[in-house]
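Notes for the one structure printed next.
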Amino acid sequence: MNPAVELQNVWFAYDNHLAVEDVSLTIEQGEFVGLIGPNGSGKTTLLRLILGLERPDRGTVRLFGESARSFEDGERIGHVSQHATDRGAAMPVTVREVVSMGRFARVGRGRMREADHQVVDEALATVDLTELSDRRLDRLSGGQRQRAYIARALASEADLLALDEPTVGVDATSRDEFYSLLSRLHHDGLTILLIEHDIEVITRHVDTVACINRELHYHGDSVSFLESEALSEAYGESHGIIHHDHP
Amino acid sequence: MTEEQRPTADGGTTDITGSIRGQITACLTRSRIRRLEHAGLGIAALLTLAMLSFLLLEWLRAYSGGATLLYSQFLIIGEWLDFYLGTIVFQVPSTWRALATAVVIGVVAPVIGAFLIHRQMALIGETLAHTAFAGVAAGVVVVAFTGWQGSIILFDLGSQGALLFVALVVSALGALGLQWLSDRSQTYGDVPIAIVLAGSFAIGTLLISWSREFAPITVDVEGFLFGSLALVTTAGARMVAVTSVLVLAVIAVYYKQFMFITFDEQAARVARLPVDRFNTLLVVMTAVVVVGAMQILGVILVAAMLVVPAATASQLARSFRETIALGILAGQAAAIGGLLFSLLAGLPPGGSIVVVAIAIYLLAVVVSNRSPSGVPAY
């Protein structure tokens, strides 16, 4: 089975600024990987390379065995972005309309059929937004909105879910619920790539950690990560960490 | 929440006070609103079909001499209207032609506008209008130098039609150029657009002044700038009808894709939608709608028809589908109301329609619980 994501010796620079330096990383299907690094470390750039939105200057990026740039099965990728890149703040759209957008990649030019609407309903139910489905998106809380975007990815029956700091501005309780939802989806077989800069969140919830600061400083399980030197290397000496017990 | 309680914008329910707004909102329960909307849309659809059939009948009459009976029904209705209103305009075909054009524009402009205003592309409409003006001027020069009378293959557009046709071509090319420009600058930024906007208008004025020396056509500049009922020739009205039907068909087929791209262009790219192609299509369709609507509204005000009814709809709508529906209602109300006012008061149609559209918008702002800051129009 092809790995979900495969980067080999990837270099990428914006103008004269080197953002990604010789990164090689493989994410197998079914993994839950946390990508962590300080601000400006190239996490979002790496994600854009993985999603095929940018072309690497050197090296290759593969999605499910194909070149990410020419990867055509957009419905297999779910993407929850960092800030609202969408017009949710101003545009009148209901939650259901947003979640249905996830289905459009599968439906193509035709009309949405009964089966498609059912998938949308199931996606809404999975994230527990069924009661709010006819409400305008801008009337939802931050946490609810992020769940709507996950439902959008579920509606497209994505195999890979990529989230870029999805809980910025979300309250603590909603955050816990959010990560429980991700764990559940992971147990159902979804491959998840989660970008976070909160180290505690990452180590508590994911199997595998990839730590990046332009270069890849670490790639392995989360327990060993904390015990390694990678944090200091990536973040610099003056970082602090709240210790907590691992199961 | 029961059906009798008025849902407020934040999803809760409100205490019905004795205020006027309270009375209004008490009347307008969700189910009643839905029924009103459906009724309104039904009327709008009937009107549009009636007006389109008028244009079709006129065309049939001109080319085959048939359909005279149905056609004259419209003129008979016009005579009745004149009798009751004490006017003389409604029995004349050109009035019906102008009315038909206005009705169709009232449908298609807000539909396109809904996809523009949420991406800060409304300024594109304004720019394309100015490009169309340059196109008209270019048309004058083309006609002067080539002696073209306006016949293409089997169609005879007439001299005004010829100008419109050139304007259409120039505007469509302008749209492609704008798209090219914005692809390079990542956004539909201010400066390149301002340059194209001002530049095309400047070129237009220069061409028109220069052409006065030798052109056989006198261009009704004021008419093109402010709109004029006299400008709506048979060719012009037919052009609006045909292009509007095409634009509406394209939007109906690709509604999902356009909605997705409008809402979240980046997510649409991740989902591998051909975003650039759809953007180009949208801008070209805007150019087409603008050239058609320009006849009645004039170059200066035509962009308002793209923006104001769609903004009205955004104030009130609870879903994007509803935005389109309400946009059509607001657009038609403005177009018909404004045109009737202009006919009865003898004032320019462009200003009349836009004033009515804005009045409807302000009403929507008052009635909705939402602040009007939501939609950045320019």
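Looking only at residues of segment A:13-26 that are under 19 Å from A:Ala210 (Cα atoms) and not hydrophobic (A, V, I, L, M, F, W, C), we find that the one that is surrounded by the most Cβ atoms within 10 Å (Cβ to Cβ) is A:Glu21. Residues of segment B:289-322 that are away from chain A (no Cβ under 14 Å) and surrounded by fewer than 24 Cβ atoms within 10 Å (Cβ to Cβ): B:Ile300 alone. Restricting attention to segment A:29-52, the residues that are within 14 Å of chain B (Cβ to nearest Cβ) and at pLDDT below 90 add up to 1.
Per-residue answers, yes or no, for (1) on the phi < 0 side of the Ramachandran plot; (2) more than 11 Å from chain B (Cβ to nearest Cβ); (3) over 13 Å from the mean Cα position of the chain (by Cα):
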{"site": "A:Arg135", "(1), (2), (3)": "yes, no, yes"}
{"site": "A:Asp138", "(1), (2), (3)": "yes, no, yes"}
{"site": "A:Gly143", "(1), (2), (3)": "yes, yes, yes"}
{"site": "A:Tyr149", "(1), (2), (3)": "yes, no, no"}
{"site": "A:Leu163", "(1), (2), (3)": "yes, yes, no"}
{"site": "A:Thr167", "(1), (2), (3)": "yes, yes, no"}
{"site": "A:Thr173", "(1), (2), (3)": "yes, yes, yes"}
{"site": "A:Phe178", "(1), (2), (3)": "yes, yes, no"}
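Report yes if A:Gln82 is more than 8 Å from chain B (Cβ to nearest Cβ), more than 19 Å from A:Ala155 (Cβ to Cβ) and of a type outside the set (Ser, Thr, Tyr), otherwise no. Judged against the criteria, A:Gln82 is a match. Residues in segment A:27-55 that are more than 15 Å from the chain's Cα centre (by Cα), surrounded by fewer than 22 Cβ atoms within 10 Å (Cβ to Cβ) and not basic (Lys, Arg): A:Pro38, A:Asn39, A:Gly40, A:Glu54. In the set B:Ala98, B:Ala114, B:Ala122, only one residue is at pLDDT below 80, crowded, with 18+ Cβ neighbours inside 10 Å and under 30 Å from B:Glu322 (Cα atoms); that residue is B:Ala122. Checking A:Ala158, A:Ala153, A:Ala105 one by one, the residue that is within 11 Å of another protein chain (Cβ to nearest Cβ), assigned to a loop (DSSP other than H, G, I, E, B) and crowded, with 16+ Cβ neighbours inside 10 Å is A:Ala158 and no other. Is it the case that A:Arg48 is of a type in the set (Lys, Arg) and under 23 Å from A:Val206 (Cα atoms)? It is true that A:Arg48 is of a type in the set (Lys, Arg) and under 23 Å from A:Val206 (Cα atoms). Consider segment B:172-229 and keep the residues that are farther than 23 Å from B:Val143 by Cα and among the polar types (S, T, N, Q). The one that is modelled with the lowest pLDDT is B:Thr187. Applying the criterion of being under 18 Å from the mean Cα position of the chain (by Cα) and at pLDDT below 85 to the residues of segment A:78-115, the residue that is nearest to A:Arg48 (Cα to Cα) is A:Ser81. Picking from residues in segment A:1-28 that are polar (S, T, N, Q) and either in a strand (DSSP E or B) or modelled with pLDDT of 90 or more (or both), the one that is nearest to A:His186 (Cα to Cα) is A:Thr26.
A quick yes/no check of all residues on (1) at positive phi; (2) at pLDDT below 95; (3) among the charged types (D, E, K, R):
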{"site": "B:Arg269", "(1), (2), (3)": "no, yes, yes"}
{"site": "B:Arg277", "(1), (2), (3)": "no, yes, yes"}
{"site": "B:Met294", "(1), (2), (3)": "no, yes, no"}
{"site": "B:Arg318", "(1), (2), (3)": "no, yes, yes"}
{"site": "B:Ala357", "(1), (2), (3)": "no, no, no"}
{"site": "B:Tyr361", "(1), (2), (3)": "no, no, no"}
{"site": "B:Arg370", "(1), (2), (3)": "no, yes, yes"}
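Checked against (1) in contact with a Gly (Cβ under 8 Å, 6 or more places away or on another chain); (2) surrounded by 14 or more Cβ atoms within 10 Å (Cβ to Cβ); (3) over 30 Å from A:Arg48 (Cβ atoms), B:Ser211 passes all but condition (1). Taken together, the criteria exclude B:Ser244 from residues that are away from every other protein chain (no Cβ under 14 Å), surrounded by fewer than 21 Cβ atoms within 10 Å (Cβ to Cβ) and not hydrophobic (A, V, I, L, M, F, W, C). Within segment A:116-127, the presence of a residue that is surrounded by fewer than 20 Cβ atoms within 10 Å (Cβ to Cβ) and at pLDDT below 85 is excluded. Would it be correct to say that B:Ser182 is in a helix (DSSP H, G or I), in contact with a Ser or Thr (Cβ under 6 Å, 6 or more places away or on another chain) and small (Gly, Ala, Ser)? Spelling it out, it is not the case that B:Ser182 is in a helix (DSSP H, G or I), in contact with a Ser or Thr (Cβ under 6 Å, 6 or more places away or on another chain) and small (Gly, Ala, Ser). I'd like to know if segment B:268-275 contains one or more residues that are farther than 30 Å from B:Ala162 by Cβ, of a type in the set (D, E, K, R) and touching a residue at least 40 places away in the same chain (Cβ under 8 Å). There is no residue in segment B:268-275 that is farther than 30 Å from B:Ala162 by Cβ, of a type in the set (D, E, K, R) and touching a residue at least 40 places away in the same chain (Cβ under 8 Å).
Go over the candidates A:His205, A:His186, A:His197 one by one and state the one that is surrounded by fewer than 23 Cβ atoms within 10 Å (Cβ to Cβ), away from chain B (no Cβ under 14 Å) and in contact with a Pro (Cβ under 8 Å, 6 or more places away or on another chain). After applying the criteria, what remains is A:His197. Taken together, the criteria exclude B:Glu222 from residues that are assigned to a loop (DSSP other than H, G, I, E, B) and either of a type outside the set (Phe, Trp, Tyr) or more than 25 Å from B:Gly177 (Cα to Cα) (or both).
Only one of the listed residues (A:Glu66, A:Glu72) is at pLDDT below 90 and within 27 Å of A:Val107 (Cβ to Cβ). That residue is A:Glu72. Residues in segment B:79-93: is at least one outside any helix (DSSP H, G or I) and under 27 Å from B:Glu322 (Cα atoms)? So far as segment B:79-93 goes, no, none of its residues is outside any helix (DSSP H, G or I) and under 27 Å from B:Glu322 (Cα atoms). If you check B:Met285, B:Met259 for being away from every other protein chain (no Cβ under 14 Å), touching a residue at least 60 places away in the same chain (Cβ under 8 Å) and at negative phi, only one passes: B:Met285.
Residue-wise test of (1) farther than 28 Å from B:Gln257 by Cα; (2) β-branched (Val, Ile, Thr); (3) not in a helix (DSSP H, G or I).
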| site | (1), (2), (3) |
| --- | --- |
| B:Val284 | no, yes, no |
| B:Ala293 | no, no, no |
| B:Leu301 | yes, no, no |
| B:Leu306 | no, no, no |
| B:Ala313 | no, no, no |
| B:Thr323 | no, yes, no |
| B:Ala334 | yes, no, no |
| B:Ile353 | yes, yes, no |
| B:Leu362 | yes, no, no |
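Applying the set (1) more than 21 Å from B:Ile353 (Cα to Cα); (2) of a type outside the set (A, V, I, L, M, F, W, C); (3) assigned to a helix (DSSP H, G or I) to B:Arg272 leaves exactly one unmet item: (3).
The values are calculated or read from the model by the stated rules, or taken from the named source; none is laboratory data. In this text, all values refer to a predicted model and were calculated from it rather than measured experimentally. FYI the Cβ positions are ideal-geometry reconstructions off the backbone, even for glycines, and counts take in every protein chain you see.
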